[in-house]
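Input: a single structure, listed below in structure tokens.
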Amino acid sequence: MITVISGMARSGTSLTMQMLNAAGFPIYWDREPNYGPANPKGYFEVIGRDWREHADVEGLLCKMEDKAVKVFPRNWDYFTDNHRYQFIYLDRDPVNIRDSQRRMLDLEQRVNEKGNPEEHLRGIIAYRRRSLRILQDYRHVIVPYEGLYTGTTQWAIADFLELTVAQRNVMWGCVDHELHHFK
């Protein structure tokens with residue numbers, strides 16, 4: 001079983017990977033360096049945001065077996081039937097995602113990479129709709145981004161993965177309220 005941590009960019013997927021790692025849940029990532037100006041505590045991503053860059057996707061999926069891995073929805077199309085998947089989907093208001101992504105691009109000096117703000121927002125909404133439709137075919141839990149900062153998301157994830165209260169508390173301890181991205 002591959003546990004897919006997903007959501008739109010800037011929805012708390014990196015924090016969720018950090019929390020699961022701290023709680024002792026096995027995770028897979030290979031991006032180096034793991035951190036940057038927008039995520040000083042780590043991205044925990046697979047190299048190549050677009051899996052078309054991978055020559056051996058099946059080999060990559062085998063490395064993810066029995067682990068949690070951060071996979072953006074655009075790469076779900078590369079999943080094969082050789083594996084089972086369950087999803088933890090972090091959901092955040094699309095306007096907040098757009099605004100946070102644009103601030104991140106400014107911080108990383110990648111100005112105007114997303115183009116027109118309204119077109120950018122329409123793209124986020126369309127991807128979110130598609131993602132929520134696809135999730136219906138899998139075991140999944142949809143958790144709110146804001147719940148990361150109240151503890152409710154940690155409870156939902158712990159319940160979904162059958163983690164202990166101690167593991168849930170460790171996950172809550174990972175939250176750095178100073179890094180609450182662009183409230």
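Values as computed for the structure displayed
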| item | result |
| --- | --- |
| CD proxy at 222 nm, helix term only [per DSSP H run n ≥ 4: -39500 (n - 2.57); per residue of the chain; nearest 500] | -12000 deg cm²/dmol |
| Estimated FRET transfer efficiency (LYS67, ASN169; beta-carbon r; R0 30 Å; 0.05) | 0.85 |
| Lysine pairs within the chain, Cα separation less than 28 Å, 8 or more sequence positions apart or different chains | 8 |
| Model label zone, GLN136; criterion: amide N under 20 Å from point 7 Å along Cα-to-beta-carbon; scope segment 69-107 | 73-74, 76-77, 85-92 |
| Gyration tensor (alpha-carbon) shape descriptor, the chain, a/c threshold 1.5 | rounded |
| HN-Hα J in Hz across segment 120-126 - Karplus 6.51, -1.76, 1.60, θ = phi - 60°, x for Gly and Pro | 4, 4, 4, x, 4, 4, 5 |
| Pairwise FRET efficiency - ARG31 versus ASP56, Cβ, R0 = 22 Å, nearest 0.05 | 0.80 |
| DSSP-defined antiparallel bridges as percent of all bridges, the chain, nearest 5 | 5 percent |
| Phi-based couplings in Hz for segment 154-162 (Karplus 6.51, -1.76, 1.60; Gly and Pro marked x) | 4, 4, 5, 5, 4, 4, 4, 8, 6 |
| Charge dipole magnitude, Cβ of K and R +1, D and E -1 - segment 2-179, Cα centre, debye nearest 20 | 340 debye |
| Most fluctuating residue given options GLY173, GLY115, GLY24, as computed from a GNM of the chain linking Cα atoms under 10 Å | GLY115 |
| Amide H within-cut-off set for HIS140, under 5 Å, with H built and near neighbours excluded | PHE87 |
| Ranked by how many other beta carbons lie within 10 Å on average, peptides 164-170, 86-92 from highest | 86-92, 164-170 |
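Coordinate-derived values only; no laboratory data. These figures come from a predicted structure and were not determined experimentally. Virtual Cβ from ideal backbone geometry, glycine too; neighbours counted across all protein chains shown.
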